[in-house]
Amino acid sequence: MLTNIAHHWRQPLSTISTLSSGMKLENDLNILSTKKLSEGLLQINNTTQMLSTTINNFSDYFEPKKDIEDFDLTDIVDNSINFFEPVFYKHKINTLISYEDKNILRGYPYELSQVIVNIFNNSKDAFILNKIQNRHLIISTYKEVDKYVLSIKDSAGGIKKDLLEKIFDPYFTTKHKYKGTGLGLYMCHEIIVKHMDGTIYAKNVTFEIDKREFKGLEIVIEFKI
């Protein structure tokens, strides 16, 4: 459990560090505006609240005591993007976002947000590990006949086919031990499949942006309507 909590604390701690160091630098240069200070402190406060909530969530992870809620999928994706925005900026990751209209789901919105942030973080690490210069993350939601779909794909080069089938296995990781425990995507799978009755899978993809071809990994999450 401590390992799980530590895994999900790394990103919020990184966000706090990025915000505080950025504000300190701007203050030292006398370019820190009151608005920027207020926004930064608010986001730091929100992030510390998320750290606290993480402990509560993982305390009852295998036997959730939370009430099921109705929520809009796009709201949760937006909140996750806003939370991760400082990291996108720091690592020069371009986000392309496409939503359909309201996609109302029933489940555990905070857990879903943890899944999305974890996927963002994995893409960020892949960009760095593979030394990718053109860093794109395409995030989209859409409706099919009997399901709502969330797609997150990056331009980080994808992964080997024989590894693709293992990425949701517990303790499987392509990262150095310091960078990852192998629990992130496994827990994403547990949340989506066992807690929200959905499906999650990954595939290598090729796509174009501004007539340039990119290769990467796409994580697809599907919820029954």
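The values are calculated or read from the model by the stated rules, or taken from the named source; none is laboratory data. For clarity, every value in this text was computed on a predicted model and none was experimentally measured. No Cβ is skipped: glycine too gets one built from the backbone with ideal geometry, and neighbour counts run over all protein chains shown. The area values use the complete protein model at the heavy-atom level, side chains included, leaving out ligands, DNA and RNA. Shrake-Rupley method; radii C 1.70, N 1.55, O 1.52, S 1.80 Å.
Name the residues in the range 41-54 that are in contact with a Phe, Trp or Tyr (Cβ under 9 Å, 6 or more places away or on another chain), open to solvent by 30 Å² or more (accessible area, probe 1.4 Å) and at pLDDT below 85, would you?
Within the range 41-54, the subset in contact with a Phe, Trp or Tyr (Cβ under 9 Å, 6 or more places away or on another chain) is 43, 46-47, 50-51, 53-54.
Now drop any that are not open to solvent by 30 Å² or more (accessible area, probe 1.4 Å), which leaves 43, 46, 53.
Selection gives 53 alone.
Check residue 141 against each of (1) open to solvent by less than 20 Å² (accessible area, probe 1.4 Å); (2) touching a residue at least 60 places away in the same chain (Cβ under 8 Å); (3) out of contact with any helix residue (DSSP H, G or I) (no Cβ under 9 Å at 6 or more places or on another chain) and name the one condition it does not meet.
(3)
Working only within the range 186-225, note down all residues that are of a type in the set (Ser, Thr, Tyr), in a strand (DSSP E or B) and closer than 25 Å to residue 111 by Cα.
Initially, the range 186-225 is screened for residues of a type in the set (Ser, Thr, Tyr), giving 186, 199, 201, 206.
Those left that are additionally in a strand (DSSP E or B): 199, 201, 206.
Within the range 186-225, 199, 201 meet the criteria.
Looking at 61, 110 in this structure, which one is at pLDDT below 85, open to solvent by less than 90 Å² (accessible area, probe 1.4 Å) and not in a helix (DSSP H, G or I)? Quick ask: steps written out before the conclusion?
Details: 110 fails: not in a helix (DSSP H, G or I).
Among 61, 110, only 61 is at pLDDT below 85, open to solvent by less than 90 Å² (accessible area, probe 1.4 Å) and not in a helix (DSSP H, G or I).
Please go through (1) closer than 21 Å to residue 196 by Cα; (2) open to solvent by less than 30 Å² (accessible area, probe 1.4 Å); (3) modelled with pLDDT under 90 for residue 79 and return the number of the only condition it doesn't satisfy.
Result: residue 79 passes all but (2).
Filter the range 145-166 down to residues that are among the charged types (D, E, K, R), assigned to a loop (DSSP other than H, G, I, E, B) and free of Cβ contacts under 8 Å to residues at least 24 places away in the same chain, then give me how many there are. Step through it out loud before you land on a result.
As a first pass, look at the range 145-166 and keep what is among the charged types (D, E, K, R): 146-147, 153-154, 160-162, 165-166.
Now restrict to residues that are assigned to a loop (DSSP other than H, G, I, E, B): 146, 160, 165-166.
Of the ones still in play, those that are also free of Cβ contacts under 8 Å to residues at least 24 places away in the same chain are 160, 165-166.
Adding up the residues that qualify gives 3.
Are any residues in the range 11-26 among the hydrophobic types (A, V, I, L, M, F, W, C) and closer than 12 Å to residue 44 by Cα, and if so, which ones?
Applying the first criterion (among the hydrophobic types (A, V, I, L, M, F, W, C)) to the range 11-26 yields 13, 16, 19, 23, 25.
Those that are among the hydrophobic types (A, V, I, L, M, F, W, C) and closer than 12 Å to residue 44 by Cα: 13, 16, 19, 23.
When the residues of the range 1-39 are narrowed to those that are within 23 Å of residue 110 (Cβ to Cβ), modelled with pLDDT of 85 or more and not hydroxyl-bearing (Ser, Thr, Tyr), which ends up farthest from the chain's Cα centre (by Cα)?
Out of the qualifying residues, it is 39.
May I ask you to say which residue of 210, 146 is modelled with pLDDT under 90 and open to solvent by 20 Å² or more (accessible area, probe 1.4 Å)? Steps first, answer last, please.
Details: 210 fails: modelled with pLDDT under 90.
Result of the check over 210, 146: 146.
Please go through the range 149-187 and pick out each residue that is in contact with a Ser or Thr (Cβ under 7 Å, 6 or more places away or on another chain), among the hydroxyl-bearing types (Ser, Thr, Tyr) and at pLDDT 90 or above.
Hit for the range 149-187 is 151, nothing else.
Only residues that are modelled with pLDDT of 70 or more and loosely packed, with under 15 Cβ neighbours inside 10 Å: list them for the range 64-74, please.
Going through the range 64-74, the residues modelled with pLDDT of 70 or more turn out to be 67-74.
Across the range 64-74, the qualifying residues are 67, 68, 69, 70.
If I filter the range 83-90 for residues that are part of a helix (DSSP H, G or I) and either over 30 Å from residue 23 (Cβ atoms) or polar (S, T, N, Q) (or both), do I get at least one hit?
Of the range 83-90, the ones part of a helix (DSSP H, G or I) are 83-90.
If we keep only those that are either over 30 Å from residue 23 (Cβ atoms) or polar (S, T, N, Q) (or both) as well, we get none.
No, the range 83-90 contains no residue that is part of a helix (DSSP H, G or I) and either over 30 Å from residue 23 (Cβ atoms) or polar (S, T, N, Q) (or both).
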